[in-house]
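Colleague: Please find one structure pasted underneath; my questions will follow.
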Amino acid sequence: MTIITDPLFYVLAVPAVVALGLSKGGFAGVGQMATPMLALIMPPLEAAAIMLPIMILQDAIAAWVYRKDWSGRILAIIVPGAIIGVGCGWLLAAHISDAAVRVFTGAATIAFVLYNWIGPARVATDVGTASVPAGVFWGALSGFASTIAQAGGPPYQMYVLPQKLKKMTYVGTTAIVFASLNWLKVIPYFALGQFSTQGLGTSLALLPLAIATNALGFWLVRVTPAEIFFRITYIIMFAISVELVREGAGELLRG
């Protein structure tokens, strides 16, 4: 089984996998930077397909660790919506260009960063108890964004954060929701031809790092307030996403 040998890929892939590991360990949102980083040097869906097996393993570990801390109500509402969103993403992904996906990926991540900078307090104040229709809607949007660009976090958080769950319940629910969501994406990615022998070999080569950073995330989420860590991460994510939008928009205009 071959792997990607381009050194630049690993310059970007290593911090991307570290971010994913910390995210799956409980620092929700940090992993949002993984696919945008790799999308700077390869087609976004190919980057997402390389990350998917890593995410599935990390999700399984996280779901086990947090198996006693989760909300069954949120899971029962979000997942049916996510199934709809994954299906819509599957149908659309085959008909849009890499440039358009770059713009979507960058724009979704910019929205996510801006939301985390200015949004949670306002949303928590303005929104009451979340409804079932709202959960299905945000779940569908999360499933769609996750399928197209591994960017399902912002819609999910728009629904869940206003409910003010306890920290560990929020972390555990997030782990189980995205474990379910990522398994749902396996069939569409196969159907779209995004899995390759080289890509899967590369995913396998990155797994030890993924597991190690997952464990680090489990420990850090329990002992660290992480305000400075998140500030730095969001600035990096914002800069990467602006570049993705610039590249994608330029390609679309030239095309």
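What follows draws every value from the coordinates through simple rules; no lab data is involved. Predicted model, so just to flag it, every value in this text is computed and none were measured. Note that each Cβ is placed from the backbone with ideal geometry, even for glycine, and that neighbours are counted across all protein chains shown.
Colleague: Could you please rank Ser241, Ser97, placing first whichever residue has the fewest other Cβ atoms within 10 Å of its Cβ?
Modeller: Ordered by Cβ neighbours within 10 Å, fewest first: Ser97, Ser241.
Colleague: Moving to a separate point now. Work out how far the C-alpha atoms of the range 7-254 reach from end to end along every principal axis, then list the three figures in whole Å, largest first.
Modeller: Sorted from largest, the Cα extents of the range 7-254 read 45, 36, 33 Å.
Colleague: Below 8 Å, C-alpha to C-alpha, sequence gap of six or more: please give me the relative contact order for the chain in percent.
Modeller: Working: 395 pairs, mean separation 98.6, N = 255.
Worked out over the chain, it gives 39 percent.
Colleague: Mind sorting Met158, Met33 by how few other Cβ atoms lie within 10 Å of their own Cβ, fewest first? It would help to have the intermediate numbers written out before the result.
Modeller: Working: Met158 22, Met33 26.
Least to most surrounded, the residues fall as Met158, Met33.
Colleague: Calculate one ³J(HN,Hα) per residue across the range 209-219 by plugging θ = phi - 60° into the Karplus curve 6.51 cos²θ - 1.76 cosθ + 1.60, and present them in order as whole Hz with x for glycine and proline.
Modeller: 5, 4, 5, 5, 6, 4, 4, 4, x, 4, 6
Colleague: Related question: Just to check I understand the Karplus step: with θ = phi - 60° and J = 6.51 cos²θ - 1.76 cosθ + 1.60, what whole-Hz values come out for the range 16-24, glycine and proline as x?
Modeller: 5, 5, 4, 4, 4, x, 5, 5, 5
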